[in-house]
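The values are calculated or read from the model by the stated rules, or taken from the named source; none is laboratory data. Since the structure is predicted, the reported quantities are computational estimates derived from the model, not experimental observations. When we count neighbours, we look across all protein chains shown, and the Cβ atoms used for this are built from the backbone with ideal geometry, even at glycine. To get the accessible areas, we keep the full protein, side chains included, count just its heavy atoms, and leave off ligands, DNA and RNA. Shrake-Rupley method; radii C 1.70, N 1.55, O 1.52, S 1.80 Å.
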Amino acid sequence: MPEVLKAPLVVEFPFTRSLGPVQSAFLTGLRERVVLGVRTGDGRVLVPPVEYDPVTAEELGDLVEVAPTGTVTTWAWNHAPRRGQPLTTPFAWALVRLDGADTALLHALDAPGPDTVRTGMRVRVRWAEERTGAITDIACFEPCADGPQRPTGSTGEFEEPVTGIVAAARLDYTYSPGRAQTAYINALAGRRTVGERCPSCRKVYVPPRGACPTCGVATTEQVEVGPRGTVTTFCIVNIKARNLDIEVPYVYAHIALDGAGLALHGRIGGIPYDEVRMGLRVEPVWTEGARYPDHYRPTGEPDADYDTYKELL
């Protein structure tokens, strides 16, 4: 049994959102070292603020300044901070109810160790040196022995309010394709396409999943398919993707390789985009050192009859 492949995988993209009046005031306030909440119809002050009452769903807009000091309501110790977290040394994640608020705010608490943190301890905001109008303008909380600090008297009106934010979303994985797809990828390195046959319905799945999604049974019998195949359906791409050196328009298609019971997708080349059609017979084109076909091109054979691939659409 060959070793199952694994590799690091990072999914990363910028997330852009606009802000309504409540969130705009809250983040702009943080930039100005002011913490704002919002008052609900029953008199509670919510921090962080929300735009609609969680009980009545009524729109909220009565901004209330609260103190930058508060009380820890619960916490958990983070022994090993990860990339992008507020602190690079071990810290506590804490829910802090700021003085004047009725709900708690989640943030980092800088403390020497877990034995120094307790529910009920007093803390205060440590402001970031550079503030831009984001939750990271609160660098963290830190222990203090102070009573409630007096708010500055802000009304929530600021010059140059923050109206939108861009947050970097990032997920780090160690991805393993599993036994079946490891065999599939290793076969591609030899310019071969290998699927697995279901012992019950006899369909050949490419790429293989390790189990038949229809019958629910394991698949272990390897079957080499292709290399030629038939275009079952396709789309014309008119938007150029970042970091993809392909001129638009181009065609991406579902291709049923000969002997396969499932169509895979690939780019169609070697033919004008407006001449690609269902039933077109194609073959893979490999580039030097590639582990998968760069694209598929017409073979010159007559088009396949619709009845031969209609079950693979």
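Which order do peptides 92-104, 235-247, 46-58, 146-158 fall in by mean Cβ count within 10 Å, highest first?
Those peptides, ordered most packed to least, come out 92-104, 46-58, 146-158, 235-247.
What does the helix-only formula give at 222 nm for the chain: each DSSP H stretch with n ≥ 4 adding -39500 (n - 2.57), the total divided by the residues, and the result rounded to the nearest 500 deg cm²/dmol?
Dividing the helical sum by the residues of the chain leaves -2500 deg cm²/dmol.
Roughly speaking, to the nearest percent, how much of the chain's 1.4 Å accessible area is carbon and sulfur?
After summing per-atom areas, the C and S share lands at 51 percent.
May I have the extent of the alpha carbons of the stretch 161-204 along their three principal axes, as whole Å values ordered from largest to smallest?
63, 28, 18
Grab the other residues whose beta carbon is less than 14 angstrom from that of G84, score K and R as +1, D and E as -1, and report the net.
Once positives and negatives cancel, what remains is +1.
What are the principal axis extents of the Cα atoms in the stretch 95-250, in Å, biggest first?
75, 45, 28
Residue-wise, which Karplus ³J(HN,Hα) couplings in Hz belong to the stretch 144-154, taking 6.51 cos²θ - 1.76 cosθ + 1.60, θ = phi - 60°, and x for glycine or proline?
Whole-Hz 3J(HN,Hα) from phi for the stretch 144-154: 8, 10, 7, x, x, 7, 7, x, 7, x, 5.
Can you bin the stretch 1-120 into rounded, prolate or oblate? Criterion: square roots of the alpha carbon gyration tensor eigenvalues sorted a ≥ b ≥ c, rounded for a/c under 1.5, prolate for a/b above b/c, oblate for the rest.
oblate
Which of the lysines could be linked to K310 by a straight reach, that is with a Cα gap under 27 Å, when you skip same-chain ones fewer than 8 residues away?
Partners within reach: K203.
Could you please report the charge total around P14, scoring K, R as +1 and D, E as -1 over all other residues with beta-carbon less than 14 angstrom from its beta-carbon?
Value of the local net charge: +2.
Would you work out the charge dipole size for the stretch 1-142 about its Cα centre, treating the Cβ of every Lys and Arg as +1 and the Cβ of every Asp and Glu as -1, and quote it to the nearest 20 debye?
440
Using only the alpha carbons of the stretch 178-285, what is the convex hull's orientation-averaged projected area in square nanometres?
That works out to 7.6 nm², a quarter of the Cα hull's surface.
Ratio of alpha-carbon Rg to the 2.2 N^0.38 Å globular estimate for the chain, to two decimals, please.
1.49
Amide H neighbours of R33 under 5 Å, at least 5 residues apart or on other chains, H built in the peptide plane: list them.
When sequence neighbours closer than 5 places are left aside, there are no close amide H contacts.
Tell me which residues come under 5 Å, amide H to amide H, from V223 once H is placed; ignore anything under 5 positions away on its chain.
Long-range HN contacts for V223: G195, E196, R197.
Show the residues, 5+ positions off or on another chain, whose built amide H is closer than 5 Å to the amide H of F141.
Residues meeting the amide H criterion: A108, L109, D110, R126.
So what's the net charge close to R31: Lys and Arg +1, Asp and Glu -1, counting the other residues with Cβ under 12 Å from its Cβ?
Cβ neighbours under 12 Å give a net charge of -3.
Using a 1.4 Å probe, what is the accessible area per residue for the stretch 125-198, in Å²?
Normalised by residue count, the accessible surface of the stretch 125-198 is 61 Å².
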